[in-house]
Structure formats: structure tokens, C-alpha cells
Amino acid sequence: MSEHDEFSIIDQLFKPLAGLSREARGLIDDVAVIPGDSAYDLVVNTDALVAGVHFFEHDPLDLVARKLMRVNLSDIVAKGAKPYGYQLLTAWPRGTSYANKADFVRGLKIDQDRFGLSLFGGDTVSTDGPLMVSMTLFGKVPAGKALSRLGAKPGDKVLVSGYIGQGYLGLKALQGQLLGLSHEDINEVISAYHLPEIRTDLIPVIRDHARSAMDISDGLLADANHLARANKLMIRLDLNRVPTSLAARSAIAAGMNPVELVTGGDDYQILCTADELGAKALIMAGFYEIGTCLGLSDDTPAGAELWADDRRLDVAKKGFTHPL
């Protein structure tokens with residue numbers, strides 16, 4: 001891991017600022033949890049999108065707004081919290097038209113109504129650089145019940161909430177690099193890239209039955225690796241059990257390496273661990289069992305491994321990281 005990637009910067013520079021604050025959780029999680037009244041705690045998450053990095057500069061701004069809300073929502077859902085409201089920062093390139101800004105707000109309105117949110121405030125500025133938008137999203141969770149990346153134990157099942165690889169395939173389609181798929185499949189994966197599915201209906205079952213949880217943004221294998229290292233155990237994922245859509249299977253049939261689907265990122269599904277009873281409840285709610293948590297030994301250091309057909313796959317790059 002380079003000292004200039006995002007995780008090294010967080011570890012080396014920002015974690016000391018968090019100190020022993022209970023709310024910050026040692027910056028292990030993607031959220032802060034702030035004690036509230038006797039009934040609820042507040043879960044807080046911030047994510048940003050930058051043109052040319054997280055979305056294409058020509059993408060419709062209503063879809064950019066909706067994706068911004070959804071990538072923030074996925075972190076809140078992963079902690080078992082109910083979305084509550086948000087603050088917004090927009091840094092507009094100088095000369096951006098009123099109509100474009102109105103398109104962005106129209107997208108926000110669609111999804112804030114869909115997910116039951118309200119805008120609490122924020123800031124609007126201009127920039128000589130590309131469009132940058134950032135959202136801080138708040139959720140409520142019963143006091144003491146917010147999930148964390150911590151809590152997984154050897155023997156736990158590893159589960160995921162839905163199809164993996166859809167967003168990555170959408171990116172490849174928009175880059176003109178996805179061949180051999182039907183027009184319908186192309187439209188499906190591009191839609192998944194612009195508007196990841198956020199399963200707020202799963203909040204109660206995640207909160208009640210998962211031991212640890214996080215959302216998948218950097219790639220399934222990379223985020224499983226983060227989860228494993230946080231809990232000082234090994235996660236063994238079975239590539240053959242990872243759920244994929246018919247479009248993804250068509251891409252594999254056309255020559256795509258299936259490993260790309262678990263390392264590409266932009267999934268925004270929920271990755272969690274659970275004991276046997278918890279896993280059964282999660283599977284009944286629609287989760288897929290894709291792996292196992294193992295204790296450590298000389299042969300199993302902390303981290304995540306990808307297996308298929310009883311052999312470990314050598315994967316050089318587990319997922320996406322921002323070079324900083």
C-alpha cells in the first residue's frame with residue numbers, strides 16, 4: 001500500500017486527530033456514531049463525488065445528485081440506521097448555468113422524497129476546477145444498536161445483499177469497453193452505475209441479525225479485506241457463490257474475467273457477517289452467503305482471499321483506491 005493512497009493518509013494523518021473519541025470509532029468505520037437521547041443515536045456519514053473521478057463530466061446532473069445521495073445512504077443502511085436528513089456542499093465550476101443547477105436539485109428532490117429525507121443546510125461555492133459535490137447524511141438508530149465493521153468472529157458466514165459487478169460493468173459500457181451484450185443488458189448496467197440500488201427495506205434485518213457490516217464501494221474483495229483486517233481474521237470468499245446478474249454472466253461468456261466483477265467497485269451493496277442463525281434470517285431477507293470467516297494461523301494472515309473450485313486465486317489488485 002502506497003503512503004500516498006487514501007487509506008495510508010487516513011491511518012497516518014487523520015486517525016491521530018480522532019484520538020480516543022468514541023464517536024469517531026477510531027476511523028475504522030465510514031461513519032461516526034453520536035450518542036443521542038435514551039431512544040436513539042445519530043449516525044453520520046460524508047461522501048463526495050468529483051467530475052472526472054466519480055462520474056463523467058457529461059453525465060446528467062439529476063443522476064449525479066441521486067448517485068451522491070445513494071452512495072451516502074449505503075453507509076447509513078450498513079449500520080442499521082434509518083435515514084433522517086442531509087447537508088449539502090456544491091462547488092460549481094464558474095459559469096455553470098442555472099438550468100444545470102436546477103437539474104441537480106431536481107434529482108435531489110426525487111430521491112429525498114423516495115427515501116424520506118430533508119435538506120438541513122450546507123454551502124454553495126464556485127471553483128475553477130471540476131464540479132465537486134459532497135453530502136453529509138444523518139441517520140437514526142436505536143441507542144447502542146449501530147453496527148460496525150468490528151464484531152465478526154471466526155466461523156461467521158459472510159453475506160452480501162445483492163448483485164456484484166453491476167456498477168463496474170456500467171462504467172465499462174460508458175467507456176465503450178463492454179462488448180457482446182444486448183442493448184437491454186447495456187442499459188441495465190449503465191442504470192446501475194448511475195443509480196445504485198439502495199435497500200433501505202433491509203435496515204431492520206441487518207441491525208437485528210448481522211454481527212458486522214459495511215457497504216461495498218471499492219470492490220467486494222477490497223472491502224472484505226478491510227473488514228477482515230479490522231477484525232484480525234481471514235475472510236475466504238467463494239467466487240462461484242458471488243451473485244451476478246444475467247448481464248454480468250453474458251459479459252463473462254463474452255470473455256470478461258469474473259475476478260473483475262469483485263474488484264471493480266461501485267456496487268454499494270451491503271457486506272456483512274453473521275452467525276448461523278443470523279445468516280439464515282439474512283438469507284431469507286434476500287442476502288447471499290458468499291464466504292466464511294476464519295481464525296488466524298501461520299497460513300492464514302488477516303485479510304481476504306478469493307477462492308474458486310477449491311483453489312486460491314492470486315489477485316494482484318483487490319479493488320479501487322484513490323491515489324492522493
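Kindly indicate the residue of segment 71-108 that is among the polar types (S, T, N, Q) and touching a strand residue (DSSP E or B) at 6+ places or on another chain (Cβ under 9 Å) and also surrounded by the most Cβ atoms within 10 Å (Cβ to Cβ) among those meeting that condition.
Of the residues in segment 71-108, the ones among the polar types (S, T, N, Q) are 72, 74, 87, 90, 96-97, 100.
The next check asks that each one be touching a strand residue (DSSP E or B) at 6+ places or on another chain (Cβ under 9 Å); those that pass are 72, 74, 87, 90, 96, 100.
Details: Asn72: 29, Ser74: 27, Gln87: 16, Thr90: 21, Thr96: 15, Asn100: 15.
Only one residue tops the list, namely Asn72.
Kindly check whether there is at least one residue in segment 114-129 that is basic (Lys, Arg) and either under 21 Å from the mean Cα position of the chain (by Cα) or part of a helix (DSSP H, G or I) (or both).
Looking through segment 114-129, at least one residue is basic (Lys, Arg) and either under 21 Å from the mean Cα position of the chain (by Cα) or part of a helix (DSSP H, G or I) (or both).
State the number of residues belonging to segment 249-305 that are free of Cβ contacts under 8 Å to residues at least 60 places away in the same chain and charged (D, E, K, R).
Of the residues in segment 249-305, 4 are free of Cβ contacts under 8 Å to residues at least 60 places away in the same chain and charged (D, E, K, R).
Asp223: under 17 Å from Gly162 (Cβ atoms), buried (at least 21 other Cβ atoms within 10 Å of the Cβ) and touching a Ser or Thr at 6+ places or on another chain (Cβ under 6 Å), yes or no?
When the stated conditions are applied, Asp223 does not pass them.
So Val50 ticks every box in (1) buried (at least 21 other Cβ atoms within 10 Å of the Cβ); (2) more than 13 Å from the chain's Cα centre (by Cα); (3) among the β-branched types (Val, Ile, Thr) but one. Which box is left unticked?
(1)
Scan segment 187-202 residue by residue and report those that are touching a residue at least 24 places away in the same chain (Cβ under 8 Å) and either open to solvent by 10 Å² or more (accessible area, probe 1.4 Å) or farther than 21 Å from Gly80 by Cα (or both).
Glu188, Val189, Ala192, Tyr193, His194, Leu195, Glu197, Ile198, Arg199, Thr200
Filter segment 190-205 down to residues that are hydrophobic (A, V, I, L, M, F, W, C) and touching a Ser or Thr at 6+ places or on another chain (Cβ under 8 Å) and give me whichever is farthest from Asp113 (Cα to Cα).
Among those residues, the one meeting the criterion is Leu202.
Looking only at segment 124-149, how many residues end up being touching a Ser or Thr at 6+ places or on another chain (Cβ under 8 Å) and open to solvent by 80 Å² or more (accessible area, probe 1.4 Å)?
Going through segment 124-149 one residue at a time, the tally reaches 1.
Looking at segment 206-220 only, could you name the residues that are touching a helix residue (DSSP H, G or I) at 6+ places or on another chain (Cβ under 9 Å) and surrounded by fewer than 21 Cβ atoms within 10 Å (Cβ to Cβ)? Lay out the reasoning, then the answer.
Within segment 206-220, the subset touching a helix residue (DSSP H, G or I) at 6+ places or on another chain (Cβ under 9 Å) is 206, 208-220.
Passing the criteria: Asp208, Arg211.
The values are calculated or read from the model by the stated rules, or taken from the named source; none is laboratory data. This structure is a prediction, so every number in the text was calculated from the model and none was measured. All Cβ positions, glycine included, derive from the backbone under ideal geometry; neighbour counts span all protein chains shown. Remember, those area values only see protein heavy atoms, side chains included, never the ligands or the DNA or RNA. Shrake-Rupley method; radii C 1.70, N 1.55, O 1.52, S 1.80 Å.
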